[in-house]
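One structure below.
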Amino acid sequence: MIRIVVVDDSPEVISNIERLLYFEPDIEVVGTANDGEVGYQVVRETRPDVVLLDINMPGMDGLTAAQAITSSLPGIQVIMMSIQDDMEYVRRAMLAGARDYVLKPLDIDEVPAKVRQVHGTVRVSSERPGEAAPEEAEPGQVVTVFGPRGGCGCTTIAINLALALRAFTRRKVVIVDGALQFGDVAVMLNLHDQRNIAELARHVDEMDAAFANDMTVAHSSGVRALLAPRRPEMAELVTGECMRRTLSGLSEKFDFVVLDGGHQFTEAILAAIDETDRLLLVTTPDIPSIKSTRLMLEVLDALEALEDQRHLVISQAGRRYGVKAEDVERSLGMKALACLPYDEAGPLLAANQGRPMYEMDPETPLCRALLELGKSVTGGTKADESVAEIEKPKPRKMFSFLGKA
């Protein structure tokens with residue numbers, strides 16, 4: 001049972017939340033308060049799992065209350081509530097210790113999902129007085145999905161691979177939308193949030209692992225997402241250094257970081273490849289795509305980058321009039337790690353509904369192939385095995401390709 005406390009200066013809001021959560025069998029409201037000071041005392045007395053906390057209240061406001069709760073009771077997670085759809089409010093809430101941010105009026109489905117999500121990501125230290133501090137965890141794997149040519153399905157592959165990794169390993173997974181100008185991860189996951197990688201980039205000097213993690217958005221599958229900028233021109237804010245620090249920070253918080261790299265060969269993508277443990281090069285069974293993939297391989301060869309950690313993925317395999325998989329492999333001089341079967345309707349239907357295919361029907365041939373790809377990426381890692389056992393060789397740095405030291 002997830003125990004929560006609701007703190008809001010509006011009795012009507014508190015009543016609505018109590019009614020909203022009454023029919024959730026795994027969530028129980030164990031206390032309420034109408035201001036931050038009383039709310040802090042209620043939290044200390046009841047020790048809930050999650051606190052729903054309004055950001056603007058008379059007396060002790062939500063930011064001050066969140067700081068007091070998270071500093072003195074670190075096992076309790078805070079979700080901030082506000083009518084302010086403003087990134088500066090989101091940033092201040094995250095810096096105060098909030099784990100998530102929801103807008104009023106509250107969505108009937110969003111609130112229970114966010115409560116479950118933050119409860120599932122509780123990070124309570126196991127260190128006790130007199131005991132040695134736990135060893136520092138190994139960073140998670142960064143898996144980049146990149147297609148040198150558009151239309152190969154990178155976003156579909158990245159999203160469903162992330163869900164498959166979550167389902168197979170039960171580990172913490174985040175997907176990063178690296179198609180910075182026209183990324184579709186938010187649309188395809190039906191996520192609406194002010195937080196995105198461009199807003200994170202505005203505060204790159206303040207960035208650490210916790211801040212990068214707090215800028216991600218929860219999806220109902222348990223996967224979190226770092227979304228693309230809301231407007232194409234904001235992509236310029238995401239420099240190579242920002243991308244490098246973002247992926248490095250997220251790998252400290254997540255076991256798997258899946259990057260949808262899109263198909264543009266930019267400074268940010270080169271920096272991402274610097275941080276990548278496995279690069280999935282996606283091609284489709286047609287001559288233009290094969291040509292572009294061969295050029296990409298030549299660039300990687302020239303840079304001596306990811307020599308043992310680059311993998312070919314043939315998307316839309318078996319498509320009518322397409323080049324045979326064995327001919328694609330022969331042309332590129334490498335075996336395919338996966339051949340993903342062509343599915344004419346599934347990806348389009350999923351995109352239009354804002355629901356990943358793996359969530360809609362994991363038994364389709366394409367989803368089963370993506371699950372097998374996930375197992376290959378993890379080296380067959382099971383849920384009870386250590387991700388730290390997976391070797392993570394570091395590639396040669398690629399920043400110099402664009403003149404960056």
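For T32, what residues show an amide H to amide H distance below 5 Å, using hydrogens built from the backbone and excluding near sequence neighbours?
HN-HN under 5 Å from T32: V6.
Given bins 5 angstrom wide, list per bin the percent of all Cα-Cα distances in segment 30-78, short to long.
Result, from short to long distances: 5, 25, 40, 23, 6, 0 percent.
If each Cα of segment 167-274 is one equal point scatterer, what is log10 of I(q)/I(0) from the Debye formula at q = 0.22 Å⁻¹?
Once normalised to I(0) and log-transformed, intensities are -1.23.
For L259, enumerate residues with amide H under 5 Å from its amide H, sequence gap 5+ or separate chain, H modeled in the peptide plane.
Hits under the 5 Å cutoff: V143, T144, V145, V176.
Indicate, rounded to the nearest 5 percent, the antiparallel portion of the DSSP beta bridges found entirely in the chain.
Of all bridge pairs located within the chain, approximately 5 percent are antiparallel.
I'd like the distance between the alpha-carbon centres of segment 234-300 and segment 7-63, rounded to an integer number of Å.
Here the two parts' Cα centres lie 42 Å apart.
Can you work out ³J(HN,Hα) from phi for every residue in segment 344-358, in order, using Karplus 6.51 cos²θ - 1.76 cosθ + 1.60 and θ = phi - 60°, giving whole Hz and x for Gly and Pro?
Once θ is set to phi - 60°, the couplings for segment 344-358 become 5, 9, x, x, 5, 4, 5, 5, 5, 8, x, 10, x, 4, 5 Hz.
Taking segment 252-291 as the region of interest, what is the percent of Cα-Cα pairs per 5 angstrom bin, listed from the shortest bin to the one with the maximum distance?
Calculated P(r), rounded to whole percents: 5, 18, 25, 22, 16, 9, 3, 2, 0.
Sorted by packing (mean other beta-carbon atoms within 10 Å per residue), highest first, where do 160-171, 366-377, 71-82 land?
In decreasing order of mean packing, 160-171, 366-377, 71-82 become 160-171, 366-377, 71-82.
Short version: ³J(HN,Hα) in whole Hz for each residue of segment 210-216, in order, from phi by Karplus 6.51 cos²θ - 1.76 cosθ + 1.60 (θ = phi - 60°), x for Gly and Pro, what are they?
5, 5, 4, 5, 5, 7, 7
Rank these by accessible area, largest first, 1.4 Å probe: Y358, Y89, Y22.
Heavy-atom accessible area, descending, gives Y22, Y89, Y358.
Taking square-rooted eigenvalues a ≥ b ≥ c of the alpha carbon gyration tensor, is segment 292-365 rounded, prolate or oblate, where a/c under 1.5 means rounded and, failing that, a/b exceeding b/c means prolate?
prolate
Quick one: with all protein chains in place, what share of the accessible area of the chain is carbon or sulfur, to the nearest percent (1.4 Å probe)?
Solvent-exposed carbon and sulfur of the chain make up 48 percent of the total.
Past the 20 Å Cα-Cα mark, which pairs from K291/K375; K114/K172; K335/K375?
K291/K375
Taking square-rooted eigenvalues a ≥ b ≥ c of the alpha carbon gyration tensor, is segment 1-111 rounded, prolate or oblate, where a/c under 1.5 means rounded and, failing that, a/b exceeding b/c means prolate?
rounded
How far apart, in nm, are the 7 Å Cα→Cβ label points at K335 and R320?
3.3
Counting only heavy atoms of protein chains, what accessible area per residue, in Å², does segment 252-358 have with a probe of 1.4 Å?
So segment 252-358 comes to 44 Å² accessible per residue, rounded to a whole number.
Whole-Hz Karplus ³J(HN,Hα) for segment 327-343, in order, using 6.51 cos²θ - 1.76 cosθ + 1.60 and θ = phi - 60°, x for Gly and Pro?
6, 4, 4, 5, 5, 8, x, 7, 6, 7, 5, 8, 10, 8, x, 5, 10
Amide H to amide H, which residues 5 or more places from I2 or on other chains are under 5 Å from it, using H placed in the peptide plane?
I27, E28
More than 19 Å apart: what percent of Cα pairs in segment 224-288 qualify?
Summing the P(r) tail past 19 Å for segment 224-288 gives 36 percent.
The values are calculated or read from the model by the stated rules, or taken from the named source; none is laboratory data. All values derive from a computational prediction rather than experimental measurement. As a convention, Cβ positions derive from the backbone with ideal geometry for all residues, glycine included, and neighbour counts pool all protein chains shown. All accessible areas refer to the heavy atoms of the entire protein, side chains included, with ligands and DNA or RNA removed. Shrake-Rupley method; radii C 1.70, N 1.55, O 1.52, S 1.80 Å.
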